[in-house]
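These notes are about the structure you will find just below.
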Amino acid sequence: MCLTDAGEPRACDPLPISIRVISTIPELNGDKTVQGSSMYGTYQQEDRLTEDDILQGMLERRQRFAKLDHSRGYQHSFRKKSKWELVRLSLLIVGIECTYATETALVAPILLGIGLPHTVMTMIWATPSLAGLLFAPVIASISDRLRSRWGRRRPVLLALGISILTGMLVIPNGRAVGELLGLTTIGSIATITTIGLIMCDFSAETSNGLCRTYAMEVCTIRDQTRVLSIMVLTGGIGATMGALFGAIDWNAIGIGQYLGGNDASVFTANWIVMFVGLLVTLTSFSEIPLPVQESEPMLRPVTQKMLLEEVKRLRGDAEQTEHDDVPEAVGYKQFVLNVVRMPRSMKILCLTQLLSHMSYLTYCLYYTDFVGSTVFEGDVRAQVGSPAANRYDAGIRFACLGMALCSTTSSIYSVFIERLIVRFGARPVYVGGLLAHCFGMLAMGLFPYKLVVFSCCALTGVMYATIYSIPFLLISHYHSKNCFVEVDGQHVESIERRGFGVDVSMMSSMLCFAQLVVSLSMGAVVDAVGSAIIITFISSAFMLCAACSAMTIIYMGL
């Protein structure tokens, strides 16, 4: 019995199977043999054994090997997951997205209600972004090389989850915490609220990328697209819940008086959702620890690179087989090199994500204030109970309904996005999703009426599902092939190690960078213009630039 370099048992003589890996460009192949294709590449078969058959064989052998050790239970990593199991992996995203929705709906009114101007309010929003830019990639780098018996991702997700839950208790109770500490000035209350915002927002954004990394690592390569789509679906449900929490008048139903006000009630409901999501996801599937993967080749996840090498081996091209399938354990030095020497494909992808988030955050941070002040003609600083204050509060609740429509549309669209990618290709689906938000924001600014600003939120939902699925799918695609460069239609294999968690984290960090830019600039623009309506045109312009950038991304046949 012989072993392949991927750790597969095989007969010493090559099997009589002829499978030729061909270019993803159909014009280069003039014969009429049967072709099969998938989102992971194109192959040509001259026998009944397909790429999926080979993959299934690799997975089954690893699953049988893992079953030999009943105490560790790693066999789940090599089988197809049911929809319910993928939902369990995605429930943490429900809590994270619910937190985002609650923050974007209520933090701005909370800070403005303290007495802060727009400029200072948006600068406070920059603090978690700055923390994210400095520390999120470092945390991801630590996660990539963590040698815990509990795995590489789950211990970090647990620590970040506790930080989110703590921050949610502080944000709506900044004034109460200040009074408890004897700090009652506007500056002190704003500082306490900012600390809660940093704990909540920074930890949520860092968890977002790590949760997707964890899910993709415990799934087979054929399940990765499914779990990303389900994460967008469940995330949309979570965002809808957060928005609907904000649309409820908790004081009117008596709960607000018991919990300390309307804002505190919304964050309490969010806290429960986040706690349940964290608990269910972290107890869903065990990870294969890094030391185990290093010592046991048969317990290493099957990557697309390993699959293609097995296809080459069966064809008889043993000289093309690589000898290093050990998972990435990228240290801090290598992490810095990954950032400095980022391939052009990753640079363009990050730029597109940055521009997309700049557009989305401009909408998020000011949408509720825009509706309350411009559409409903209210005033956040008006005396409590006055007609202007009541109109502003009604506008906030109406805006929350619009954000709920956005989230619902995102969930529905996520169900079809995988089929759309297979049918039309990733490029038109990606660009089309970005342009939907671009046109929606432009219409919202030109026609600031209730029906328009409400219905255009559906177009933003299409964009949201797009930017939280396709970019992460592309990173997985790059890493599975170990290719970041395309020359004359051919994929060039990379010789430099890149951490998967680091690249996902860098993509997630674009949200932090975008939030920093928007926070430091948009408040001054709104104060200078004197109306929040300007944000609709700025958001539309950012997204148009993002769509142009998305046209130049390397899709590698996806």
Cα shape, region 86-147, gyration tensor, a/c 1.5 rule: oblate
Accessible surface, region 179-307, averaged per residue in Å² (probe 1.4 Å): 34
Label-point separation, L169 to F447 (7 Å along Cα→Cβ), nm: 4.8
Unit charges on C-beta of K, R, D, E only; dipole of region 167-302, Debye: 180
Solvent-accessible surface ranking, highest first, for S207, S163 at 1.4 angstrom: S163, S207
Pairs of lysine residues in the chain - Cα separation under 29 Å, sequence separation of 8 or more or cross-chain: 24
Under 11 Å, Cβ to Cβ, from I189 - net charge with Lys/Arg +1 and Asp/Glu -1: 0
Helical segments meeting 18 Å axial Cα length and Kyte-Doolittle -0.5 threshold in the chain (DSSP H): 83-114, 118-144, 154-170, 186-217, 224-247, 262-282, 344-370, 387-424, 426-446, 500-529, 534-550
Area accessible to solvent at E418, 1.4 Å probe radius, in Å²: 60
Mean Cα-pair separation over length for region 81-310, i.e. relative contact order, pairs under 8 Å, 6 or more apart, %: 40
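Report, to the nearest whole %, how much of the accessible area of the chain belongs to carbon and sulfur atoms, 1.4 Å probe, protein only.
Roughly 64 percent of what the probe reaches on the chain is carbon or sulfur.
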Added length on full extension, which subtracts the Cα-Cα distance from 0.36 nm per residue, W84 to R64: 4.9 nm
Furthest towards positive pole of dipole, G115, L89, T303, structure part region 81-310, Cβ charges: T303
FRET efficiency, S386 to A159 (Cβ-Cβ, R0 35 Å, nearest 0.05): 0.20
Residues of region 331-557: accessible area per residue with a 1.4 Å probe, Å²: 38
Cα centre as origin, Lys/Arg/Asp/Glu Cβ charges: the chain dipole, Debye: 560
Value of relative contact order over the chain, rounded to a whole percent, pairs C-alpha under 8 Å and six or more apart: 24
Computed [θ] at 222 nm, deg cm²/dmol, the chain (DSSP H ≥ 4; -39,500 (n - 2.57); rounded to nearest 500): -22500 deg cm²/dmol
Residue (of L158, M168, Y74) at the positive-pole extreme of the chain, dipole from beta-carbon charges: Y74
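Kindly identify the chain as rounded, prolate or oblate by the Cα gyration tensor criterion: order the square roots of the eigenvalues as a ≥ b ≥ c, call it rounded if a/c is under 1.5, otherwise compare a/b with b/c, prolate if a/b is larger, else oblate.
Verdict is prolate for the chain.
The values are calculated or read from the model by the stated rules, or taken from the named source; none is laboratory data. The structure displayed is predicted, hence computed values, not measured ones. All Cβ positions, glycine included, derive from the backbone under ideal geometry; neighbour counts span all protein chains shown. We work out accessible area using only protein heavy atoms, side chains counted, and drop any ligands, DNA or RNA first. Shrake-Rupley method; radii C 1.70, N 1.55, O 1.52, S 1.80 Å.
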